[in-house]
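Working notes for the structure below.
The values are calculated or read from the model by the stated rules, or taken from the named source; none is laboratory data. Since the model is a prediction, treat every value here as computed from it, not as a measurement. Note that we place each Cβ from the backbone using ideal geometry, even for glycine, and neighbour counts take in every protein chain shown.
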Amino acid sequence: MKDLIEEITGIFGPSGSEEKVRTVINKKISNYVDGIETDKLGNLIAFKKGNGEGKKIMLAAHMDQIGLLITHIDENGFLRFTKIGGVNPKRLIGQRFILANGMTGTVGVEKVDEEKEIKFDKLYLDIGASSREEAEKHVSIGDSAIYKPQFDVSGNRVISSYLDNRLGCAVLIMVLEKLKKSPHDIYFVFTVQEEVGLRGAKTAAYQINPDLALAVDVTITGDTPEAHTMDVALGNGTAIKIKDQASITHPMIKELLILTAKKHGIKHQLEVLEHGGTDAGSIHLTRGGIPSGTISLPIRYVHTPSEMADLNDIKASIELILRVLGEEI
Amino acid sequence: MLLKKLTEAMGVSSNEDEVREIIKAEVEPYVDRYYTDMMGNLIAVKGEDKSGPRVVLSAHMDEVGLMITKLEDSGLLKFKTVGGIDERILVSKQVQIGKSKIPGVIGAKAIHLQQKEEQKKPIPLNKLYIDIGAKNKEEAEKLVELGDLATFTTKYSQIGEYATGKAFDDRLGCAAIIELMQEEEFDFPVYGVFAVQEEVGLRGSARAAYAIEPDLAIELEGTSASDVPGTEKHGYSTTVGEGPAITVMDSSVITHKKILKGLLKAAEKNEIKYQYRRTNVGGTDAGMISLVKEGIPAAVISVPCRYIHSPVSLMNLDDYQGLKALVKGYFAELEKEGF
């Protein structure tokens, strides 16, 4: 499990540039599924056939990650950038980023008197080039960059960049590896462009038109010193989302998840997230409406290069999904 | 002159009729058919029976403007903005209201009568009014109705290779599609979508795309140029005169990689000067189109315009020609390679 998480969190794939992630996942799962295709927007859709008596279920985890978009290269070779997805400019100074070609840079800041002045237009990425010409050998305007991947195991927890949401991708891959049989037709969808507006899942859901859908994504916790009040804690099990800004979990799905977890003694917690959303937000509003919910993986320090997850929560999430898929709905 | 005719026409969001009629007359001899959909989008189709990728070229007909919200007893008119307009630049502008284009001027207290404090701040919208020279409410009612829309009276003009006028966003896109349909024969079906209500929430064009189900869509836009004093060079979103701007990502869409590559190839091959749009703020109809049904690969190409969403903006006509050349070059790639 740790090896898979390390591998998959280390792949370059900011929103709109998910190709490499898609290739790796495709390779890992193609032996476990009955069909696999990439749709028009770049979502990877894998299909596993049921026994003809079950439902049509869509599982979605987004492949894309937040990052930077290069907007300008100055005469001294410094790169200016804007954000892809939810990136806080005040937390970028000193962070290392890599481009698609592996080139590393570090974020510097113009002189400022106060921290609140730190906005994107005060920051730059230094890739060690000393002129525009030199920089342009490695980078072009419109290229994207991600946090330089870092992965560590501390005790029973992993600290890594981009658990959001490669952890969700890893969970779906592990579900596929373990899933023996299910009555249901299952679509494993690895979506694009979630971080910029839940976009890929919307068109994938239109195409699949499932009976129900589950997003698998990370959520934040409220268990750190002086944290925002939130009743999700690392190590307390898989989190069953009740609500976030983009969706309210369908009552049928909520009941299904809670009852299944209870029945099989799977450690779980209920999640109410005040901000943010998951692919379920766009899926449930597709066509005539699709009952949807989210199985959340609790992580601390979301959208920083050092997100933290608990291995037992991951195992609980995998088990809950397997149990849901294994039973009649 | 097409740009003059189109930009001087009135077409505030939801009232695009005048623009639609101009476009119909322009494209009619050159297209297989055209129709207006339920939303009011005008769709002109050329080469419908041809094989090959079905392409949407989209531009919006509507412009930002004003809506009359109250007729005062004094005969003065209160108004609100439609779409994103900088309220601070409204005072003293000449406007025209409604289908009969009643002339008016946006008034406010003259400088002699203002308090010192008032002079320090821009005049807020609720202190502004439109004066149509009516003596009282009854007289005003004969000329204007509640809900009438108003635009600025700006005339189009050219200064060397530069043009000034109103509503370049996005009549320049409409003009480009019209001219492409007039000048070119296509080897594949091309749907010119002239959309309504972009400025109030990207509402029109996606409905047209829903019905058409194209293989790809390219939005032609007027975009903001910030190459002016007060902006650092690294903050220029686009630069006037540096060619059409290709969007990689804005707040509504990430340009589809395949189209992006094709556009860049076409630009290199035909030596078309281009620039990237160097900001991710602002959204376009391409965002809504891209999420229709199973997803539609979409891209945005823009002509940089200074002073966008104001009574007068400025653009470079070579950039405009470059935009058209880029579309032609890309179409040549599509004809050869398919999509």
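Values for this structure:
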| read-out | value |
| --- | --- |
| Qualifying positions in the range B:191-232 - among the polar types (S, T, N, Q) and outside any loop (DSSP other than H, G, I, E, B) | B:Ser205, B:Thr223, B:Ser224 |
| Qualifying positions in the range B:223-251 - touching a helix residue (DSSP H, G or I) at 6+ places or on another chain (Cβ under 6 Å) and modelled with pLDDT under 95 | B:Gly235 |
| A:Ile220 vs. criteria touching a residue at least 24 places away in the same chain (Cβ under 8 Å), surrounded by 15 or more Cβ atoms within 10 Å (Cβ to Cβ) and touching a Lys or Arg at 6+ places or on another chain (Cβ under 7 Å) | no |
| Selected residue [touching a Cys at 6+ places or on another chain (Cβ under 8 Å) and surrounded by fewer than 24 Cβ atoms within 10 Å (Cβ to Cβ)] from B:Val240, B:Val228, B:Val281, B:Val292 | B:Val240 |
| Residues that are among the hydrophobic types (A, V, I, L, M, F, W, C), closer than 11 Å to A:Gly142 by Cβ, touching a strand residue (DSSP E or B) at 6+ places or on another chain (Cβ under 8 Å) and facing another protein chain (nearest Cβ under 9 Å), drawn from the range B:248-295 | B:Val248, B:Met249, B:Leu260 |
| Qualifying position, being surrounded by fewer than 18 Cβ atoms within 10 Å (Cβ to Cβ), within 13 Å of chain B (Cβ to nearest Cβ) and touching a strand residue (DSSP E or B) at 6+ places or on another chain (Cβ under 8 Å), among A:Thr82, A:Thr71, A:Thr38, A:Thr104 | A:Thr38 |
| Any chance B:Gly104 is of a type in the set (Gly, Ala, Ser) and more than 21 Å from the chain's Cα centre (by Cα) | yes |
| The range A:185-217 - residue that is assigned to a loop (DSSP other than H, G, I, E, B) and buried (at least 24 other Cβ atoms within 10 Å of the Cβ) and, of those, farthest from the other protein chains (Cβ to nearest Cβ) | A:Pro210 |
| Flag for B:His309 being surrounded by fewer than 24 Cβ atoms within 10 Å (Cβ to Cβ) and within 11 Å of chain A (Cβ to nearest Cβ) | no |
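Per-residue answers, yes or no, for (1) closer than 30 Å to B:Lys135 by Cβ; (2) part of a loop (DSSP other than H, G, I, E, B); (3) modelled with pLDDT of 95 or more:
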residue: B:Ile22; (1), (2), (3): no, no, yes
residue: B:Glu28; (1), (2), (3): no, no, yes
residue: B:Tyr34; (1), (2), (3): no, no, yes
residue: B:Gly40; (1), (2), (3): no, yes, yes
residue: B:Gly52; (1), (2), (3): no, yes, no
residue: B:Ile68; (1), (2), (3): yes, no, yes
residue: B:Ser74; (1), (2), (3): yes, yes, yes
residue: B:Thr81; (1), (2), (3): yes, no, yes
